[in-house]
Amino acid sequence: MAFVYAVHGQLQTITVTLCGVVILVAGGAAVAAGQMTLGGFLSFWVAAGLLNQHVMTIVGAIPEAIAGNESMVTLHRFAMSCEPRPYRGREVIPFSGRVRLQSVEFGYGGSPVVRDVRLDLGPGETAAIAGPNGAGKSTLLYLILGFYRPQRGELTADGVPYDRLDLVELRRRIGVVMQHPTFFAGTVRENIAYGYPEATTEEITRAARLALADDFIRALPKGYDTPIGEEGILLSGGEVQRIAIARALLRRPRLLILDEPTNHLETAAIHRLLDQLARLEDRPGVLIISHDRDVLRHVERVHHLENGMLTLREDRTGPRAAILALGT
């Protein structure tokens, strides 16, 4: 590629120089023959010089465009090789919050990321998935949300295979808070109600209280009508995260997924959130992706994901409430 750039640069310089010589000779001959005035020729020369700058910019971008096109072709081929087949189901279920993964395997380009994963998330239960960076936690999350389809195994919601389900409707019953949630330059109220514009004031404040956000929101200059700036720049990381949790809770989801919540929230705040949700009559199930040991102590089941394999490390459910050592 470096050779192509060098050759292209030399050809570009030679071409521009030759064009300049041709214009100068032809223009001079036209002036000498009385076919053009000297002023007209000078005006043309200046205009050609200005146009030349833009032409040089466009021509100079050709190698980058070619390289970019080659890269896009490569990326497209790779994406097509690992792109999951979309789910095409249309069945809508009430969804109690139970999601089950049965011997699920998924990988990119033939390389498995998660293998033989078995996971059962029950209605109203709290569970966590721990593991090192790159272990496949995000991949597992996207599988649960139906953005990826496993190459092997099956996912079900309330016992119904994902193949039969309308995944858009299912996702409406799942609240997700990613590590870096998206915000826009609107008010607190607008950001909480994002995606659910018909939400009432009562619904918004209820969600904010559950997310431990109501107190700090009311202390803002305009309360719920306070602008937060692009990407929530006018708020702290913890405040932004609480608003994101409020948004996820607004639709009263049956399953709440928190991706590394302690990156922005103190562990004590996570404990309070879990306690408040546990007291709800229609409490949602909660799945936390975290490596924070203090958070892991406050969930019923802890699963560990490493080298693509998911293992149960702690189980505080059942008659004996067996607790297995983490070992990490």
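Every number here is computed from the coordinates shown, using simple stated rules; none is lab data. In this text the structure is predicted, and so the values were computed from the model without any measurement. For neighbour counting, all protein chains shown are included, and Cβ atoms are generated from backbone atoms with ideal geometry for every residue, glycine included.
For the stretch 99-315, take the convex hull of the Cα atoms, compute a quarter of its surface area, and give me that in nm², please.
Details: hull surface 47.9 nm².
Directional mean of the projected Cα hull area for the stretch 99-315 stands at 12.0 nm².
Within a Cβ distance under 12 Å of T262, other residues only, what is the Lys/Arg minus Asp/Glu net charge? List each step's numbers first, then the result.
Details: positive: R293; negative: D259, E260, E266, D292, D294.
Its environment carries a net charge of -4.
By per-residue mean of other Cβ atoms within 10 Å, what is the highest-first order of 146-153, 210-217? Mind showing how you got there, number by number?
Details: 146-153: 17.4, 210-217: 20.2.
Highest mean packing first, the order is 210-217, 146-153.
Can you order the peptides 249-257, 305-313 by their average number of other Cβ atoms within 10 Å per residue, highest first? Mind showing how you got there, number by number?
On the way: 249-257: 21.4, 305-313: 16.8.
Taking the mean over residues of other Cβ atoms within 10 Å, the ranking is 249-257, 305-313.
Under a 5 Å amide H to amide H cut-off, with H placed in plane at 1.01 Å, what residues pair with L256 once short-range neighbours are removed?
Under 5 Å from the amide H of L256: G175, G285, V286, L287.
Assuming R0 = 35 Å, can you tell me the calculated FRET efficiency for the pair Q151 and R90, based on Cβ-Cβ distance, to the nearest 0.05?
On the way: r = 23 Å, r/R0 = 0.67.
So, using R0 = 35 Å, E works out to roughly 0.90.
If a/c stays under 1.5 just call it rounded; otherwise compare a/b with b/c (prolate if a/b is bigger, oblate if not). Do that for the stretch 134-195, with a ≥ b ≥ c from the square roots of the Cα gyration tensor eigenvalues.
Details: a/c = 3.59, a/b = 1.71, b/c = 2.11.
Oblate.
Can you give the local net charge around H271? Use residues other than it whose beta-carbon is closer than 10 angstrom to its beta-carbon, Lys and Arg +1, Asp and Glu -1.
Numbers: positive: R272, R297; negative: E266, D275, D294.
Net local charge, H271 excluded: -1.
Going by the alpha-carbon gyration tensor, a ≥ b ≥ c the square roots of its eigenvalues, is the stretch 179-223 rounded (a/c under 1.5) or, if a/c is not under 1.5, prolate (a/b greater than b/c) versus oblate? Spell out each step's value before the answer.
Numbers: a/c = 1.33, a/b = 1.13, b/c = 1.18.
Rounded, because the longest to shortest axis ratio a/c is under 1.5.
Please work out how much length the chain gains when fully extended from T17 to T187, using 0.36 nm per residue of separation minus the C-alpha to C-alpha distance, in nm with one decimal.
55.5 nm
Tell me, what does the Kirkwood hydrodynamic radius of the stretch 186-318 come to in angstroms if you use every pair of distinct C-alpha atoms? Don't skip to the end; give the middle numbers.
On the way: mean 1/r = 0.0633 Å⁻¹.
It works out to 15.8 Å.
Figure the gain on full extension for D282 and N263 (residue separation times 0.36 nm, minus the Cα-Cα span) and round it to one decimal in nm.
Numbers: separation 19, 0.36 × 19 = 6.84 nm, distance 2.77 nm.
My answer for the length gained is 4.1 nm.
Would you calculate the volume per residue, in Å³, of the smallest convex hull containing every Cα atom of the stretch 150-255?
Values: hull volume 12.3 nm³, N = 106.
Hull volume normalised by residue count: 116 Å³.
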